[in-house]
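Participant: Here it is, the structure, as structure tokens.
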Amino acid sequence: MLVTQHSVLQRFWYPVMPIAHLQDNPQPFQLLGQRIALWLDEEGMPRAVRDRCCHRTAQLSMGEVIDGNLRCPYHGWAFDGTGACVDVPQLLDQPIPKTYRLDAFACTERYGYAWVCLGEPLTDIPDIPEANDSQFRRIHQFYEPWNCAGLRLMENSFDNAHPQFVHANTFGIQQEPVPPIPDSFEELEFGLRLRYNLPVFNIDTQKTNLGMTEERTMRISEGTWFMPFARTLKITYPHGLIHLIFTAATPMSDRTSQIVQFCLRNDTEADATAESIIAFDRRVTLEDKEILEGSEFDVSLSISAEQHMMSDKPSVVMRRKLAALLKAHG
Ligand code: FES
Ligand code: CO
């Protein structure tokens, strides 16, 4: 599946950039091969337009924001968040032709990020109840491009046979390679949900982070896949700590995904510093990254194209659901 070849993928919301990156200047981003310019309007809401001026195709993201509008760096035309041209310095008081406009895209803020949908949305932005719960703090973790297909990362998130090998140096127990049988598996209209108990090894830094002394503990993992390329993994430790990770593999191009990750925790900075939490999740993430960037980026949705085992059920369901989506939308 090459993401730029399927227009239905334009009908999902994707987190594209931390709002904090837009405080000073407009920024470029590439979503599903489409170059977009992002900025904050006068109310501080993110806006997204095609990153090509309708005059002489200059890159608008190289311009500046004036009174909440995006001003082209080439001849100074300015555009609002709907894509309408609102100022042409060369025209003085003459009316601005209606044809002076850009393609604008649906754009909004959620969880501290700008989200964009290039088409008519098929579903909502993933709902994460813990994000609105004052017991939880939100920690921004990663924002970086990976050279892998988003689907590979999604499958990896629901693959409970890989930690024992890929994460043998962080939390996986290689001596116990048989993956746990899920407690529950639920297909959702635009996703799936999986719950299982995983025995984990707690390395020293992690023991401090988790406020635990045991070497080996069980953790309850509940993963939710939000079609096509986002997931949450809610990890509950025996003493009640919840570490909920949101990860999106926002599709930039056929070969590149922008990793957007934050976590929500029901503890405080005094229990574990944000820095130490990020450092541990960074170690784990880099272990996955190495494997995923070495894998084939074009994931076939044909079930017979790769071999499977029992614990690949989520991945097989993902491929089946995506194949059905592509079929239903031509
Ligand atoms: Fe943008 Fe001329 S190219 S104003
Ligand atoms: Co992993």
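Participant: Kirkwood hydrodynamic radius (Cα pairs, Å) of the chain?
Facilitator: 21.4 Å
Participant: Can you tell me which of 42-48, 180-186 comes out highest on packing, and rank the rest after it, using the mean Cβ neighbours within 10 Å?
Facilitator: Per-residue mean Cβ counts within 10 Å order the peptides as 42-48, 180-186.
Participant: Calculate how steeply helix 274-293 sits against the longest principal axis of the alpha-carbon atoms of the chain, using the helix alpha-carbon long axis, and give the answer as 0 to 90 degrees to the nearest 10.
Facilitator: 90 degrees
Participant: Pull up the DSSP beta bridges for the chain and report the antiparallel fraction as a percent, rounded to 5.
Facilitator: Here the share of antiparallel DSSP bridges comes out near 100 percent.
Participant: Which ³J(HN,Hα) values in Hz, rounded to whole numbers, follow from the phi angles of segment 82-96 under the Karplus curve 6.51 cos²θ - 1.76 cosθ + 1.60, where θ = phi - 60° and Gly and Pro get x?
Facilitator: 8, x, 6, 7, 10, 7, 10, x, 6, 8, 6, 9, 5, x, 8
Participant: May I pose another question? Toward the positive end of the charge dipole of the chain, about the Cα centre and with charges on Cβ (Lys, Arg +1; Asp, Glu -1), which of Val299, Gln5, Ser134 goes farthest?
Facilitator: Highest projection toward the positive end goes to Gln5.
Participant: I need the P(r) histogram for segment 26-156: all alpha carbon pairs, bin width 5 Å from 0 out to the longest distance, whole percents.
Facilitator: Computed distribution, short to long bins: 2, 9, 17, 18, 18, 13, 10, 7, 4, 2, 1, 0.
Participant: Something else now. Leaving out ligands, DNA and RNA, what percent of the accessible area of the chain is carbon and sulfur, probe 1.4 Å?
Facilitator: Looking at the chain in its full context, I get 49 percent from C and S.
Participant: Take each of the peptides 242-251, 5-14, average the number of other beta-carbon atoms within 10 Å over its residues, and list them starting from the highest.
Facilitator: 242-251, 5-14
Participant: Can you pull out the trypsin sites (Lys or Arg not before Pro) in segment 94-177 whose DSSP state is coil and whose Cβ has at most 14 other Cβ atoms within 10 Å?
Facilitator: Lys98
Participant: Check the chain and count each lysine pair with an alpha-carbon distance under 23 angstrom, considering only pairs eight or more places apart or from different chains.
Facilitator: Summing the qualifying lysine pairs gives 7.
Participant: So, for the chain, what is the accessible surface per residue at a probe of 1.4 Å, expressed in square angstrom?
Facilitator: 47 Å²
Participant: For the charge dipole of segment 77-178, defined by +1 on Lys and Arg C-beta atoms and -1 on Asp and Glu C-beta atoms about the Cα centroid, which residue among Gln174, Leu151, Pro89 has the Cα displaced farthest towards the positive pole?
Facilitator: Pro89
Participant: Hey, what do the phi angles of segment 57-68 turn into as Karplus ³J(HN,Hα) couplings, whole Hz, using 6.51/-1.76/1.60 and θ = phi - 60°, x for Gly and Pro?
Facilitator: Coupling constants for segment 57-68: 6, 5, 7, 5, 5, 8, x, 9, 9, 10, 6, x Hz.
Participant: Collect residues whose amide H, placed 1.01 Å from N in the peptide plane, falls under 5 Å from the amide H of Phe226; neighbours closer than 5 in sequence don't count.
Facilitator: Sorted by chain and number, the residues that satisfy this are Arg231, Thr232.
Participant: Roughly how big is the chain's charge dipole about its Cα centre, with Cβ charges of +1 (Lys, Arg) and -1 (Asp, Glu), in debye to the nearest 20?
Facilitator: 740 debye
The values are calculated or read from the model by the stated rules, or taken from the named source; none is laboratory data. Nothing here was measured: the structure is a model prediction, and the numbers come from that model. Backbone-built Cβ (ideal geometry, glycine too); neighbour counts: all protein chains shown. Calculation scope for accessible area: heavy atoms of the full protein, side chains included, ligands and nucleic acids excluded. Shrake-Rupley method; radii C 1.70, N 1.55, O 1.52, S 1.80 Å.
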